[in-house]
Amino acid sequence: MKIIIEDYTPKWVDNFVTEKNKLEQALEGTAATIAHIGSTSVPGLGAKPIIDILIGLHVEDDLDKVIVPMQQSGYTYFKKYEPMMPYRRLFIKLEPLPQKMPPAMVDIGEEFVTGKDFRAMVNIHVLVKGTPHWDRHIAFRDFLRAHPDTRDAYDALKKELSLREFKDTLEYNEAKDAFVKEVEQQALKWYYARS
């Protein structure tokens, strides 16, 4: 499969705000922090046209409390990734197909290729706020916003990778992993030095 990278557009911020309003209603009473992350949150950076959202909760015990409200609001719960990342709950807003609605959950061991089975519109990562996992997402975003040369190098890499064929989005993510990890380390040092 080809990964589609689009040039940055301000409409991604509007899409985030619309989704944030829905999430605030779904999670009313949880005191969640909702942030726009990923490439669509960085002006000037090309991206897959999928909005990435980070939801920060106060305690780990609350992670499982958001599952049912998120499913009831139309987000698919991707339990299949929890063995790899037990500190995160992942939800994806999937575009319905003709005659086929997205599943409420993709369980551990289930075959499901996002981008082939359904098109992802929004990825939602639920974490505990203030943990290293939360910080790395925020630091990476803020670092790219503040460092245009690094942002442009990332943009060039993603556009180069979009010319290749990938088995799935995980394989695409692996192809850019070394760059992302290196920038994450720089970003965290920069982020903590400013705190």
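Once the Cα-Cα distance is subtracted from the 0.36 nm per residue extended length, the GLN186 to MET1 segment shows a gain of 63.5 nm.
Placing a pseudo-label 7 Å from each Cα along the Cα-to-Cβ vector at ASP61 and GLU165 gives an inter-label distance of 5.2 nm.
In the chain, helices alone account for a calculated mean residue ellipticity at 222 nm of -12500 deg cm²/dmol, with every DSSP H run of four or more residues adding -39,500 (n - 2.57). The alpha-carbon of LYS129 sits under 19 angstrom from the alpha-carbons of these lysines, leaving out residues fewer than 8 places away in its chain: LYS20, LYS65, LYS189.
Derived scalar couplings between HN and Hα for segment 179-195 equal 4, 4, 4, 5, 5, 4, 5, 4, 5, 5, 4, 4, 5, 5, 5, 8, 6 Hz in order, rounded to whole Hz, by the Karplus curve 6.51 cos²θ - 1.76 cosθ + 1.60 (θ = phi - 60°), x for Gly and Pro.
Taken over segment 1-141, the alpha-carbon convex hull comes to 120 cubic angstrom per residue. With R₀ set to 22 Å, the beta-carbon distance separating GLN71 from ASN173 gives a calculated FRET efficiency near 0.35.
Per-residue 3J(HN,Hα) values for segment 16-27, derived from phi via the Karplus relation 6.51 cos²θ - 1.76 cosθ + 1.60 with θ = phi - 60°, read 4, 4, 4, 5, 4, 4, 5, 5, 4, 5, 5, 10 Hz in sequence order (x marks Gly and Pro). Calculate how many DSSP beta bridges within segment 11-194 are antiparallel, expressed in % of all such bridges and rounded to the nearest 5. Among the beta bridges of segment 11-194, antiparallel pairing accounts for roughly 60 percent.
In terms of its alpha-carbon gyration tensor, segment 129-174 comes out oblate; a/c meets the 1.5 threshold, while b/c is at least as large as a/b.
By its C-alpha gyration tensor, with a ≥ b ≥ c as the square roots of the eigenvalues, how is segment 60-190 shaped: rounded for a/c under 1.5, else prolate for a/b larger than b/c, else oblate?
Oblate is the answer for segment 60-190, as a/c is 1.5 or above yet b/c matches or exceeds a/b.
Bear in mind that the values in this text are calculations on the coordinates, not laboratory data. Note that the structure is predicted; figures quoted are calculated from it, not measured. Don't worry about glycine lacking a Cβ; one is built from the backbone with ideal geometry, like all the others, and counts go over all protein chains shown.
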